[in-house]
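Values in this text are rule-based calculations from the coordinates and carry no lab data. The structure presented is a predicted model; accordingly, all values stated were derived computationally and were not measured. Cβ: placed from backbone, ideal geometry, glycine included. Neighbour counts: every protein chain shown.
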Amino acid sequence: MRNTQAAMAVPMWRRLHVRAALLAAPLIMLLGAGMYLLLQHYSAQNALEAGQRMNLGLAQYVANHQEPGLIDAQGRPSSARVQELAMHVMKINPAVEVYFLDRQGRVLAHALEGIQGQDPVGTQVDMGPVRQLLDPQAGASQKLPVLGTDPLQPDRSNTFSVAPLVSDAGPVESYLYIVLNGRLVQSETASLDNSHTLQAMALSAAASSLLAAAVLWMTWRHLTRPLRQLTEELSAFRGEGVPSRSAQGDEIDLLRSSVTDLQNRIARQFHELADSDRQRRELVSNISHDLRTPLSSIRGYVETVILRGDAIDADARSTYLRTALRHVDLLGKRVDDLFELSKLDAGHVTPHTEVFCLAELLQDIVQNYQLAALQRGIALHLAAGSQSEARVLADIAMIERVLQNLIDNALRHTAVGGTVELAIENHGAFMNVSVRDTGHGIRSEHLPYIFERYWRAPEADDVGVGARSGLGLAIVKRILELHGSPVNVYSEFKRGTRFVFGLPQAN
């Protein structure tokens, strides 16, 4: 069950390998699309290069096999010879388009039939690629494809073959310019754009990308498995089945949160150990001091009785023995308090809850302390309206112990003529019990320390100091913690103190 809860610590969609795969999948698809486009582009470029390289000498071949008279003395092609040339060339290779250019690159004539649109005669052809292709130094090392102007589509480049034409007079007056991928080839290429082959290539690229994403997901899942296991183990060690709001994220976020929590817990435990060690040293010191005082008194009175023997009268002997007995009782009370607190701190005491009438318990305690209060000149009573039949669920013996300690504390710190009042207040699901006195009160800066063992305010008077163990309020707090009830303190210096705690009402 624990492992199952730990495995649920990170939702599936937040796990590192899932998030990495979801992030990488679009990138892989984009990479596949890019590779497909690059492949398509370079395949087209390779086809252009292969076609131009195969037909690079086509223009020169045609020029070399022409009878004299193709170009007249003015450098203009003969119309009859051009038509004859067109008939032969276009029959051999219908994909090519034959043009005649002057020395500046303007189209003088062409061997085309059935032209639709603007006639290319007069179109200016860029001579840069022409000179590059005719450069005798380039030779076989010429980098192809070399793209030139397509006279039928001047804004579009195309592969071509070119050769100079020599007139009957001798000098070069024009060029034979053959476009290798004419309109027929372009129309056929366009018709293949949506062919099954291209669709298959696109599907193959998509499938390959998905397969790569799946393989990457499985790889990441395998590689991040130790991280997930470590995160689950830390979550289980923390005792948490699901992460807190501050720990939302993938395994790394949860691992960071777990490590931070463990660091804080270890630091807190070190602090608690240091504080516990300090309290232990203080406790040993205080116990040594508190036990030494009554033991010294008992020893002194007993030694006096023994040493003086019959030299003291019966009344003095009785006084000494009663004083020694009182210190024995005080010593026994301190030992009992210390033993009780040690059992509470060690967790050896568990509340045995039962339903009882809270008002009856308070009335009994008031009656038990009434004589002690009268002897001190203090009015002890149960507040009006507290004669309630409210019933609570708690350990009656422990709650009685809490009330006894609070009343002892109130009586000890209240001067003659003061008042100690117990009250019950209904707060819905809880009944609040308060013990209020009109004693000298507690300064606000001292309130956080009153439940510490043997703590005593610096300006506290010495009334009742010899009768206190210094553990009463510590026992009160520990018993109420076992009941899940905090104890609140309200005090004004020189005006009194009020302790309040709540107990759950019984249905």
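Observations
- Net lengthening on full extension, Leu210/Thr304 (0.36 nm per residue, minus Cα-Cα): 23.7 nm
- Among Phe100, Phe451, sorting on how many other beta-carbon atoms sit within 10 Å of each Cβ, with the fewest leading, yields Phe451, Phe100.
- Value in Å of the Kirkwood radius, where region 251-344 supplies the Cα pairs that are averaged: 17.4 Å
- Equivalent ellipsoid dimensions for region 360-462 as semi-axes, Å, which come from the Cα gyration tensor, largest first: 24, 18, 13
- As a proxy for reagent exposure, ranking Arg278, Arg478 by other Cβ atoms within 10 Å from fewest up yields Arg278, Arg478.
- Each Lys or Arg adds one and each Asp or Glu subtracts one; over the other residues with Cβ under 13 Å from the Cβ of Val328, this totals +3.
- For the pair Met29 and Ser79 in one chain, pulling the backbone fully straight at 0.36 nm per residue adds 12.3 nm over the alpha carbon distance.
- Likely footprinting exposure, Glu452, Glu232, fewest C-beta neighbours within 10 Å first: Glu452, Glu232
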